[in-house]
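Please read the structure below before turning to the comments.
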Amino acid sequence: MGDPFPRLTDAQIRRIETHGRRRSVAAGETLLDVGVTNAPLFVVLSGRLEIMQVQDGAESLLVELKPKQFTGELNMLSGRRGFVRMHVAEAGEIIEVSREQVLEMVQADSELSDILMKAFIIRRVQIIERTAGDVVLIGSTHSPGTLRIQEFLSRNGHPYAF
């Protein structure tokens with residue numbers, strides 16, 4: 001299927017940097033929280049980021065990002081609310097690119113667009129497979145209402161647990 005967390009080349013990182021800003025991050029800093037809309041893209045230059053699933057107030061590690069890797073998934077493009085929390089695990093430096101700049105970048109740079117879009121799609125598929133979303137559907141498998149909601153969520157590619 002492909003690598004959901006590919007490493008960017010130095011040349012690709014330089015092109016991304018023209019759309020964003022470089023900044024230092026401290027260990028323990030929260031870069032993104034559950035429910036945030038219009039999340040930025042982060043490219044790790046040094047240090048490490050942890051992406052956490054949050055359920056019932058408890059965090060569990062979904063993935064750790066290392067230098068030359070980037071954050072984001074399809075919610076970044078749609079502007080929908082996110083369902084993960086992101087912490088800085090090890091101090092370092094990142095490039096932060098606003099959602100608007102990401103949208104401009106994917107329209108203007110076909111190579112970066114291919115890399116980002118492929119990763120975002122693979123990540124969404126993995127989130128759906130893990131039922132790592134922010135919706136829990138409770139109902140009978142025999143209920144027409146429950147089945148309609150389940151079909152709606154599936155059709156729209158929204159992760160949910162049943």
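The values are calculated or read from the model by the stated rules, or taken from the named source; none is laboratory data. Since the structure is predicted, the reported quantities are computational estimates derived from the model, not experimental observations. Note: ideal-geometry Cβ built from the backbone for every residue, glycine included; neighbour counts use all protein chains shown. The area values use the complete protein model at the heavy-atom level, side chains included, leaving out ligands, DNA and RNA. Shrake-Rupley method; radii C 1.70, N 1.55, O 1.52, S 1.80 Å.
Scanning the stretch 44-95 for residues that are of a type in the set (D, E, K, R), in contact (Cβ under 8 Å) with a residue 60 or more places away in the chain and open to solvent by less than 40 Å² (accessible area, probe 1.4 Å) yields no hits at all.
Considering Arg22, Arg15, the condition of being open to solvent by 50 Å² or more (accessible area, probe 1.4 Å), in a strand (DSSP E or B), on the phi < 0 side of the Ramachandran plot and not aromatic (Phe, Trp, Tyr) is satisfied by Arg22 alone.
Of the residues making up the stretch 136-149, at least one is among the charged types (D, E, K, R), open to solvent by 30 Å² or more (accessible area, probe 1.4 Å), part of a helix (DSSP H, G or I) and at pLDDT 80 or above. With the structure loaded, tell me whether Ser113 is more than 18 Å from Asp3 (Cα to Cα), open to solvent by less than 60 Å² (accessible area, probe 1.4 Å) and among the polar types (S, T, N, Q) or whether it fails that test. So Ser113 does not fit the description; no.
Give, as residue ranges, the strands (runs of 3 or more DSSP E) completely inside the stretch 27-132 that count at least 2 residues that are touching a Ser or Thr at 6+ places or on another chain (Cβ under 8 Å), at pLDDT 85 or above and under 21 Å from Arg14 (Cα atoms).
41-55, 84-97
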